[in-house]
Amino acid sequence: MRFKKTLTTTVLLGSLLAASSVWAHAHLKSQTPAADSTVSAPAELSLVFSEGVEADFCKVTITKDGADVLVKSLITQGGDKKTLIVTPAVPLTKGDYKVEWHVVSVDTHKSEGAYAFTVGQ
């Protein structure tokens, strides 16, 4: 009887742990330029997520002082697909930028967010 309870408890705990990883979403862990920073004009932006993302199903919007900045390319870097590289079509100039991202992780979960940075020179 005791073995059966132990086995049942182990199976239930294992199920809960497996289920929690299935419900996970790609969360933004870091970005370059960093949020709320003032930087020299970057040639590209780097968004690092907690899980791999599918670039074909992701969208990143960059705005400068409210006006859209055209994005030239959006690709993942590395075999784990956790890093999304965003390349603007034109060089970024002095001003305030907002980056909004909508991603689909490799396990098909959607997540979104935004952050801002400033180009100072």
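The values are calculated or read from the model by the stated rules, or taken from the named source; none is laboratory data. These numbers come from a predicted model, not from an experiment. Cβ sites come from the backbone with ideal geometry, for glycine too, and all protein chains shown count toward neighbours.
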Give me a count of the residues in region 1-49 that are at pLDDT 85 or above and assigned to a loop (DSSP other than H, G, I, E, B).
12
Looking at D65, D56, can you tell me which residue is acidic (D, E), closer than 23 Å to T118 by Cα and surrounded by fewer than 13 Cβ atoms within 10 Å (Cβ to Cβ)?
D65
Take V48 and decide whether it is in contact with a Ser or Thr (Cβ under 6 Å, 6 or more places away or on another chain) and in contact (Cβ under 8 Å) with a residue 12 or more places away in the chain.
yes
State the number of residues belonging to region 69-109 that are surrounded by fewer than 14 Cβ atoms within 10 Å (Cβ to Cβ), among the small types (G, A, S) and either outside any strand (DSSP E or B) or modelled with pLDDT under 95 (or both).
3
